[in-house]
Amino acid sequence: MSAPNSSSNPPAGPPLLDVSNVTAYYGDLQALFGISLQVDAGEIVTLIGANGAGKTTLLRVISGMRPPTSGSVQFGGQNVSRVPAHEMVARGVSHVPEGRQVFPFMTVKENLSLGAFNPRARSHVKRLMEEQLALFPRLAERLEQLAGTLSGGEQQMVAIARGLMAQPKLLLLDEPSLGLAPKIVEEVFEKIQEVRRSGITMLIVEQNVVSGLSISDRGYVVQNGAVLLADTAKNLLTNEMVRAAYLGL
Ligand SMILES: Nc1ncnc2c1ncn2[C@@H]1O[C@H](COP(=O)(O)OP(=O)(O)O)[C@@H](O)[C@H]1O
Ligand SMILES: [Mg+2]
């Protein structure tokens, strides 16, 4: 038996995000059936699963946009199950929604500024803006352009940059590569890796399973509102079931 204070095996702190046995409904329709997952600080974790599996609903529960019916969400060791979305942003969770949801009739600059509305970020909008423009130089050239006139890839960059303007500890990305050309998809994933190098933890929903898992530490397969399989990204990429169901191999 190892000594109680063995330094080779330090007690692990709580995960940054701990979702436990969450259920959620839309009216009578149950979307989540007791889903549990954890994300440690510094990780990239990817959720894969068919349309309608409940991935978006789960992200909405985590970011406080939809309260769970039962179960709990802990963030940074605190129970945040009933904390509303604006307060979750202030606590360090940014949600980049499916379909980007940029404000089409506002400029790129205005879209980004809106991301820094929470009290923690508001006082240094200028520095945060400079950081985003360093990460996404293409947006710097289009600051005064209406976001609705940008390409899909550029709009995704705006959506990610807007999420980062809130200075998150955890960034939730829902289908960041959806509808983008392969070359742009590659660019988005490069940016995501740059974001990780800046120390931000990410939970990503991705249909582009190979690209998503390739930059991830771990992944979860979600089916019918529950976790079907959890493993390292490396193992999932070679898992027979994953390959057959999600890669068509
Ligand atoms: N706004 C909504 N109102 C009613 N049902 C919804 C709504 N959003 C999602 N659903 C349903 O909840 C289930 C999970 O959907 P969703 O979380 O969007 O899955 P995914 O993101 O994995 O495609 C599906 O059956 C879907 O039809
Ligand atoms: Mg979805």
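The values are calculated or read from the model by the stated rules, or taken from the named source; none is laboratory data. All values reported here derive from a predicted model rather than from experimental measurement. Cβ: placed from backbone, ideal geometry, glycine included. Neighbour counts: every protein chain shown. Note: areas computed on protein heavy atoms with side chains; ligands, DNA, RNA excluded. Shrake-Rupley method; radii C 1.70, N 1.55, O 1.52, S 1.80 Å.
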Filter the range 90-115 for residues that are over 24 Å from Val61 (Cβ atoms) and open to solvent by less than 30 Å² (accessible area, probe 1.4 Å); the one that is farthest from the chain's Cα centre (by Cα) is Thr107
Of (1) open to solvent by less than 20 Å² (accessible area, probe 1.4 Å); (2) on the phi > 0 side of the Ramachandran plot; (3) more than 13 Å from ligand 1 (Cβ to nearest atom), Gly49 satisfies every one except (3)
Sole miss for Gly179 among (1) of a type outside the set (D, E, K, R); (2) more than 23 Å from Ile35 (Cβ to Cβ); (3) more than 16 Å from ligand 1 (Cβ to nearest atom) is condition (3)
Margin query: Leu59 - would you say it is within 16 Å of ligand 1 (Cβ to nearest atom), under 27 Å from Leu236 (Cβ atoms) and not small (Gly, Ala, Ser)?
Written below: yes
Within the range 74-95, of all residues that are in contact with a Pro (Cβ under 7 Å, 6 or more places away or on another chain) and part of a loop (DSSP other than H, G, I, E, B), the one nearest to ligand 2 (Cβ to nearest atom) is Ser81
Expected single match for modelled with pLDDT of 95 or more and over 24 Å from Met241 (Cα atoms) among Leu37, Leu16 is Leu16
Note: among Lys169, Lys191, Lys183, just one is of a type in the set (D, E, K, R), open to solvent by less than 60 Å² (accessible area, probe 1.4 Å) and on the phi < 0 side of the Ramachandran plot, namely Lys191
Residue pairs within 9 Å by beta carbon, gap of at least six or interchain, first lying in the range 139-151 and among the small types (Gly, Ala, Ser), second open to solvent by 70 Å² or more (accessible area, probe 1.4 Å), listed first then second, are Ala140/Ala134; Ala147/Phe103; Ala147/Phe105; Ala147/Glu110; Gly148/Phe103; Gly148/Phe105
Here the qualifying pairs (Cβ atoms under 9 Å; residues six or more apart or on different chains; first in the range 96-118 and assigned to a strand (DSSP E or B); second basic (Lys, Arg)) come out as Val96/Arg162; Thr107/Arg142
Please work out if Gly71 is part of a strand (DSSP E or B), touching a residue at least 40 places away in the same chain (Cβ under 8 Å) and away from ligand 2 (no atom under 14 Å from the Cβ).
yes
